[in-house]
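The values are calculated or read from the model by the stated rules, or taken from the named source; none is laboratory data. Remember, predicted model here, so these are calculated numbers, not experimental data. A quick note on method: Cβ atoms are made from the backbone with ideal geometry, for glycine too, and the neighbour counts reach across all protein chains shown. Each accessible area value is taken on the protein alone, full model and side chains, heavy atoms only, with ligands, DNA and RNA left out. Shrake-Rupley method; radii C 1.70, N 1.55, O 1.52, S 1.80 Å.
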Amino acid sequence: MSQMLSIANRPRICDNLRWRRDGEDEQIIILSKEEFPLPLILNPTASRIFLLCDGEHTVEDIAQALCDEFDMEDFSIVLEDVKKQAGYFSDKGILK
């Protein structure tokens, strides 16, 4: 069950996580989680969310950054998607 994050949460990538950027789109590949039978490859949007989870940005900040970057107008939909993705990352031990 995915954790539901509030818009004020400031998610941060776990310190012991090994990951790298790859390809022209600089996708993120997460290498070091024991639960993953293979490396976890994030799509460009999930990669952007992952990189913004630096402990400085709130969930709301991340959603606004995506709206601005991808010229999206429906903030509420983007916010829900960010909350779901960050919740998934948190459930998998990628974020704290």
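Applying the criterion of at least 1 residues that are open to solvent by 70 Å² or more (accessible area, probe 1.4 Å) and acidic (Asp, Glu) to the helices (runs of 4 or more DSSP H) found wholly in the range 1-94 leaves 59-69, 75-91.
In the range 28-39, the condition of being modelled with pLDDT under 95 and over 18 Å from residue 13 (Cβ atoms) is met by at least one residue.
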